[in-house]
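Trainee: Pasting in a structure now, in structure tokens, and then I'll have a few things to ask.
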Amino acid sequence: MHVLKETSRTFYIPITFLKNDLKMSVAAAYLAMRAIDEIEDHEKLSNDVKFDLLSAISELLKNEFDAEAYQTLVAPYADQLPEVSLRLADWLTFCPDGSRKIVQASTSEMAYGMAKWAKANWQVHTREDLDDYTYYVAGLVGTMLSELWAWGAGIQTDRDLAIGYGRGLQAVNILRNQHEDLDERGVSFVPDGWTREDLFAYAEENLAKADLYMEAINKRTILLFCRLPLALAHKTLKAMQEGREKMTRAEVEQTVEEVQVD
């Protein structure tokens with residue numbers, strides 16, 4: 001939980017709303033997915049190295065995870081990768097037995113998709129490309145969470161809306177980092193011919209699915225967990241539409257309070 005807090009305060013807070021095995025499962029899942037995300041986003045690793053690492057990790061996750069094989073795989077890059085990536089085996093060990101297969105299967109599919117997009121240098125040209133990329137890096141989070149809600153709380157949710165939930169959050173991130181991605185990485189996640197307004201519309205379309213996704217959730221702790229990132233995404237989108245880069249720290253803190261009071 002310490003590493004989780006150090007890695008992302010934004011997700012640490014909603015995860016603390018969850019209870020018992022679901023809390024442990026989602027914490028482990030977040031760290032496992034962050035472990036591979038740090039490889040995908042790494043500034044110094046080449047795309048070929050990223051493809052090789054992520055493809056190998058995807059395969060390792062398909063069976064009982066071999067911690068020794070993983071350490072051998074990442075050893076040449078141990079001085080470049082962060083703690084969260086080096087300790088992937090720990091996060092899977094931390095995950096409850098009953099949910100580990102769900103977490104591993106989703107992380108495996110995500111690693112496969114990230115490898116594919118690293119090889120393509122993240123060149124998005126069409127709406128289909130954008131949908132494919134956002135499915136792998138975020139829609140999969142939505143479907144995995146839905147599987148965890150079914151496993152841990154008997155809650156059934158719509159898969160398409162779950163993907164929309166993840167895509168909506170990712171679309172807001174793409175808008176927030178659009179210029180930075182282009183200037184620093186030479187990467188654009190904006191389809192050919194699209195304006196920034198088209199990207200806003202894409203984000204709004206998927207956040208609307210996320211709002212619908214929430215209607216099937218009747219357990220307060222899970223509702224609180226899902227509500228906070230969604231509220232922050234809606235408000236960040238509004239801030240950007242007003243010409244600001246992001247929400248202020250005070251606005252974020254106020255949102256956290258409002259979500260818990262409702």
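The values are calculated or read from the model by the stated rules, or taken from the named source; none is laboratory data. Since we're looking at a predicted model, the values are computed, not measured. Virtual Cβ from ideal backbone geometry, glycine too; neighbours counted across all protein chains shown. When the accessible area is computed, the model is the full protein with side chains, heavy atoms only, and any ligands, DNA or RNA have been set aside. Shrake-Rupley method; radii C 1.70, N 1.55, O 1.52, S 1.80 Å.
Trainee: So if we plug the beta-carbon distance of Q80 and N177 into 1/(1 + (r/R0)^6) with R0 = 22 Å, what FRET efficiency do we get, rounded to 0.05? Please list the in-between numbers first.
Mentor: Values: r = 22 Å, r/R0 = 0.99.
Calculated value: 0.50.
Trainee: Please tell me the relative contact order of segment 122-261 in percent, rounded to the nearest whole number, where contacts are Cα pairs under 8 Å and at least six residues apart. Mind showing how you got there, number by number?
Mentor: Numbers: 155 pairs, mean separation 37.3, N = 140.
Answer for segment 122-261 is 27 percent.
Trainee: Ignoring everything except DSSP H segments at least 4 long, calculate the 222 nm mean residue ellipticity for the chain; use -39,500 (n - 2.57) per segment, divide by total residues, nearest 500. Before the final figure, lay out the partial values.
Mentor: Working: 14 runs with 186 residues, N = 262.
The helix contribution divided over the chain gives -22500 deg cm²/dmol.
Trainee: Could you give the dipole magnitude of the chain about its Cα centre, charging the beta-carbon of Lys and Arg +1 and that of Asp and Glu -1, in debye to the nearest 20?
Mentor: Details: 28 positive and 43 negative charges, 144 e Å.
For the chain, the charge dipole is close to 700 debye.
Trainee: May I pose another question? Return an integer: the convex hull volume of the alpha-carbon atoms of the chain, in Å³ per residue.
Mentor: On the way: hull volume 32.1 nm³, N = 262.
Each residue corresponds to 123 Å³ of Cα convex hull volume.
Trainee: Could you work out what % of the accessible surface of the chain is carbon and sulfur, using a 1.4 angstrom probe and leaving DNA, RNA and ligands out of the count?
Mentor: Values: 6020 of 12580 Å².
The value for the chain is 48 percent carbon and sulfur by accessible area.
Trainee: Sticking with this one: Can you give the relative contact order of the chain as a percent, counting alpha carbon pairs under 8 Å and 6+ residues apart? Could you put the intermediate results ahead of the total?
Mentor: Values: 315 pairs, mean separation 51.4, N = 262.
The normalised contact order for the chain reaches 20 percent.
Trainee: Just to verify a number: what accessible area does T72 come out at with the full protein assembly present, 1.4 Å probe, Å² rounded to tens?
Mentor: Its accessible surface works out to 100 Å², give or take rounding.
Trainee: Right, next: Could you tell me the distance between the Cα centroids of segment 206-262 and segment 77-143, to the nearest Å?
Mentor: Computed from Cα coordinates, the inter-centre distance equals 23 Å.
Trainee: With a 1.4 Å probe and all protein chains in place, put K219, K209, K62 in order of accessible area, largest first. Don't jump to the answer; show the numbers that get you there.
Mentor: Numbers: K219 90, K209 50, K62 120 Å².
Descending accessible area places them as K62, K219, K209.
Trainee: A further question on this structure: Restricting attention to segment 35-85, which GluC sites (Glu not before Pro) occupy a DSSP loop and are surrounded by at most 12 other Cβ atoms within 10 Å? Display every interim value, and only then the final one.
Mentor: Details: sites: E38, E40, E43, E59, E64, E68, E83; in loops: E43, E64.
The qualifying sites are E43, E64.
Trainee: Which part of segment 6-24 falls in the paramagnetic zone of N218, meaning amide N under 20 Å from the point 7 Å along Cα-to-beta-carbon?
Mentor: 19
Trainee: So, one more: What number comes out for accessible area per residue over the chain if the probe is 1.4 Å? Units Å², please.
Mentor: Details: 12580 Å² over 262 residues.
On a per-residue basis, the chain sits at 48 Å².
Trainee: Which whole-angstrom value gives the distance between the alpha carbon centres of segment 31-53 and segment 150-176?
Mentor: If you average the Cα positions of each part, the centres end up 23 Å apart.
Trainee: Starting from the Cα gyration tensor of segment 93-219, multiply each eigenvalue by 5, take the square root, and state the resulting semi-axes largest first in whole Å.
Mentor: Numbers: eigenvalues 156, 68, 21 Å².
Three semi-axes, in Å: 28, 18, 10.
Trainee: Could you give the length gained by full extension between D52 and D211, i.e. 0.36 nm per residue of separation minus their alpha carbon distance, to one decimal place?
Mentor: On the way: separation 159, 0.36 × 159 = 57.24 nm, distance 3.72 nm.
Roughly 53.5 nm would be gained on extension.
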